[in-house]
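The values are calculated or read from the model by the stated rules, or taken from the named source; none is laboratory data. What you are looking at is a predicted structure, and each value in this text was computed from that prediction instead of being measured. Heads up, the Cβs are rebuilt from the backbone with ideal geometry, glycines too, and the neighbour counts pull from every protein chain shown. These accessible areas exclude ligands, DNA and RNA; they are computed on the full protein's heavy atoms, side chains included. Shrake-Rupley method; radii C 1.70, N 1.55, O 1.52, S 1.80 Å.
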Amino acid sequence: MARKWLDYKTDAWVQWCPGCGDFGILNSIYRAVSELGIDPEELVVVGGIGCSGRTTYYVKGSNFHALHGRAIPVATGVKLANPHLNVIVAGGDGDLMGIGGGHFVALGRRNIDLTVLLYDNAVYGLTKGQAAPTLPAWIKTKALSSPNIHDNINPVMLAFAVGFTFIARGYAYHTQQLKEIIKQAVRHKGAALVDILQPCPTYNNVMTNKWYEERIYYVEDEDPGYDPMIRTPEDFAAKAPSIVSKLLEFGDKIPLGILYWNQTREPFEDRLDKIMPGYKEAPPARRRLDVDGRPFLHPFDVFKDRLVAP
Ligand code: SF4
Ligand code: MG
């Protein structure tokens with residue numbers, strides 16, 4: 001059942017700078033979850049450190065503001081204990097690509113059904129604008145004393161390499177398109193990344209709205225023959241070269257839209273169900289917190305007498 005986006009708005013005062021791309025992302029999240037009809041009680045937004053983490057206060061849900069870099073492991077625990085929940089990770093480029101990079105890699109390997117929204121402004125906004133892992137080399141934003149000498153991480157290419165099965169890129173000021181991309185990412189059963197380019201008008205004085213608008217384009221408009229969908233291993237072999245070249249494109253032109261969508265890999269929850277029969281019908285969060293009268297200690301205690309070879 002579709003809901004009104006206002007159903008998801010909390011009373012918290014939104015504390016982002018005027019013009020911040022975070023507003024567009026928040027607006028897109030509200031409208032995506034309302035159009036999907038997700039019950040706020042079944043929605044969990046997990047944030048990490050940084051301006052993006054404040055999303056957890058602004059969207060109605062059973063949310064969690066995690067430690068620096070730890071949004072994905074918290075979201076993993078929530079999802080595996082409660083697989084029926086819709087779990088969204090709201091993290092910055094520093095949080096997810098820097099200290100949280102190992103967790104991002106592990107999520108791809110596992111293909112857990114989580115939606116990762118990467119607030120990508122190429123700076124550490126909350127801590128006064130230091131260079132983040134997605135800032136391209138030789139750009140000098142105003143907080144830097146000299147140009148950035150590190151090469152940038154390409155989040156969509158990293159996601160592809162480690163096994164994410166839905167990979168897209170959006171732009172924070174294009175809320176209509178971003179909302180549609182987020183809806184598809186949430187619907188997807190598996191690890192989904194939406195790399196969301198967003199101006200940080202306070203600290204990134206180089207990668208401004210003008211900078212982005214001169215470079216971004218929608219794949220469906222400029223390259224209507226591009227097909228990101230993988231349904232069979234043969235599909236993968238045939239389409240991988242064009243998909244990789246699209247994922248690598250980040251410079252004078254930056255593609256937006258769904259870049260890769262692989263439906264051939266089973267989500268981690270299906271694998272758990274194979275070794276823990278009944279896991280999906282009665283996951284840990286829906287079981288009694290004791291086993292034979294003993295206190296519950298670990299999910300494997302619950303299932304240990306039912307484990308079978310995969
Ligand atoms: Fe947005 Fe940048 Fe301000 Fe943070 S510092 S709220 S990212 S404009
Ligand atoms: Mg950032």
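From the list Ile72, Ile49, Ile112, Ile88, which residue is surrounded by 21 or more Cβ atoms within 10 Å (Cβ to Cβ) and part of a helix (DSSP H, G or I)?
Values: Ile49 fails: part of a helix (DSSP H, G or I); Ile112 fails: part of a helix (DSSP H, G or I); Ile88 fails: part of a helix (DSSP H, G or I).
Unique residue meeting the criteria: Ile72.
Which condition number does Leu117 fail, the rest of (1) away from ligand 2 (no atom under 14 Å from the Cβ); (2) crowded, with 20+ Cβ neighbours inside 10 Å being met?
Evaluating Leu117 over (1) away from ligand 2 (no atom under 14 Å from the Cβ); (2) crowded, with 20+ Cβ neighbours inside 10 Å leaves (1) as the failure.
Quick check on my filter: what residues within the range 179-214 are within 16 Å of ligand 1 (Cβ to nearest atom) and open to solvent by less than 10 Å² (accessible area, probe 1.4 Å)?
Scanning the range 179-214 gives Asp195, Ile196, Leu197, Gln198, Pro199, Asn204, Met207, Tyr212.
Against the condition in contact (Cβ under 8 Å) with a residue 24 or more places away in the chain, open to solvent by 60 Å² or more (accessible area, probe 1.4 Å) and under 30 Å from Trp138 (Cβ atoms), how does Phe236 come out, does it pass?
On the way: in contact (Cβ under 8 Å) with a residue 24 or more places away in the chain: yes; open to solvent by 60 Å² or more (accessible area, probe 1.4 Å): yes; under 30 Å from Trp138 (Cβ atoms): no.
Here the answer is no, as Phe236 does not meet what is asked.
So which residues in the range 144-153 are farther than 27 Å from Val194 by Cα and open to solvent by 50 Å² or more (accessible area, probe 1.4 Å), if there are any at all? Please lay out each step first, then the result.
From the range 144-153, those farther than 27 Å from Val194 by Cα are 144-147; that's our starting set.
Across the range 144-153, the qualifying residues are Ser145, Ser146, Pro147.
Report, by residue number, each residue of the range 190-209 that is within 15 Å of ligand 2 (Cβ to nearest atom) and not β-branched (Val, Ile, Thr).
Asp195, Leu197, Gln198, Pro199, Cys200, Pro201, Tyr203, Asn204, Asn205, Met207
Given the conditions (1) open to solvent by 60 Å² or more (accessible area, probe 1.4 Å); (2) free of Cβ contacts under 8 Å to residues at least 60 places away in the same chain, which single one is not true for Lys280?
(2) is the only condition that Lys280 fails.
Only one of Tyr279, Tyr212, Tyr260, Tyr226 is within 16 Å of ligand 2 (Cβ to nearest atom) and either more than 22 Å from the chain's Cα centre (by Cα) or not in a loop (DSSP other than H, G, I, E, B) (or both). Can you tell me which? Give the steps one after another, and end with the answer.
Numbers: Tyr279 fails: within 16 Å of ligand 2 (Cβ to nearest atom); Tyr260 fails: within 16 Å of ligand 2 (Cβ to nearest atom); Tyr226 fails: within 16 Å of ligand 2 (Cβ to nearest atom).
On inspection, the qualifying residue turns out to be Tyr212.
Any idea which of Ile29, Ile25 is of a type outside the set (Gly, Ala, Ser), part of a helix (DSSP H, G or I), within 16 Å of ligand 2 (Cβ to nearest atom) and open to solvent by less than 20 Å² (accessible area, probe 1.4 Å)?
On the way: Ile29 fails: within 16 Å of ligand 2 (Cβ to nearest atom).
After ruling out the rest, the residue left standing is Ile25.
Determine which single condition Val105 fails, assuming it passes every other condition in (1) of a type in the set (Val, Ile, Thr); (2) open to solvent by 10 Å² or more (accessible area, probe 1.4 Å); (3) in contact (Cβ under 8 Å) with a residue 60 or more places away in the chain.
(3)
Being within 13 Å of the chain's Cα centre (by Cα), closer than 19 Å to Arg187 by Cα, modelled with pLDDT of 95 or more and not hydroxyl-bearing (Ser, Thr, Tyr) is true for just one of Val59, Val78, Val105, Val87. Which residue is that?
Details: Val59 fails: within 13 Å of the chain's Cα centre (by Cα); Val78 fails: within 13 Å of the chain's Cα centre (by Cα); Val105 fails: closer than 19 Å to Arg187 by Cα.
The conditions single out Val87.
Which residues, counting only those in the range 154-209, are of a type in the set (Val, Ile, Thr) and either touching a helix residue (DSSP H, G or I) at 6+ places or on another chain (Cβ under 6 Å) or not in a loop (DSSP other than H, G, I, E, B) (or both)? If you could, list the steps in order and put the result at the bottom.
If we filter the range 154-209 for residues that are of a type in the set (Val, Ile, Thr), which is where we start, we get 156, 162, 165, 167, 175, 181-182, 186, 194, 196, 202, 206, 208.
Result: Val156, Val162, Ile167, Thr175, Ile181, Ile182, Val186, Val194, Ile196.
Being at pLDDT 95 or above, open to solvent by less than 60 Å² (accessible area, probe 1.4 Å) and within 10 Å of ligand 2 (Cβ to nearest atom) is the requirement here; does Val156 meet it?
Details: at pLDDT 95 or above: yes; open to solvent by less than 60 Å² (accessible area, probe 1.4 Å): yes; within 10 Å of ligand 2 (Cβ to nearest atom): no.
Taking the combined requirement at face value, the residue does not satisfy it.
Here is a list: Pro295, Pro310. Which entry is over 30 Å from the mean Cα position of the chain (by Cα), open to solvent by 90 Å² or more (accessible area, probe 1.4 Å) and at pLDDT below 85? If you could, list the steps in order and put the result at the bottom.
Working: Pro310 fails: over 30 Å from the mean Cα position of the chain (by Cα).
The match here is Pro295.
How many residues does the range 86-107 contain that are in contact with a Leu (Cβ under 7 Å, 6 or more places away or on another chain), under 21 Å from Gly61 (Cβ atoms) and within 16 Å of ligand 1 (Cβ to nearest atom)?
As a first pass, look at the range 86-107 and keep what is in contact with a Leu (Cβ under 7 Å, 6 or more places away or on another chain): 86-91, 93, 96, 104, 107.
Subset that is under 21 Å from Gly61 (Cβ atoms): 86-91, 96, 107.
Narrowing further to those that are within 16 Å of ligand 1 (Cβ to nearest atom): 90-91, 96.
Residues that pass the stated criteria total 3.
Hey, could you check the range 75-85 for residues that are buried (at least 18 other Cβ atoms within 10 Å of the Cβ) and outside any helix (DSSP H, G or I) and say which is farthest from ligand 1 (Cβ to nearest atom)?
Pro83
Restricting to the range 121-143, give me the number of residues that are basic (Lys, Arg) and over 19 Å from Gln198 (Cβ atoms). Can you show your working first?
Residues of the range 121-143 that are basic (Lys, Arg), as a first pass: 128, 140, 142.
Filter once more, keeping what is over 19 Å from Gln198 (Cβ atoms): 140.
Residues meeting the conditions: 1.
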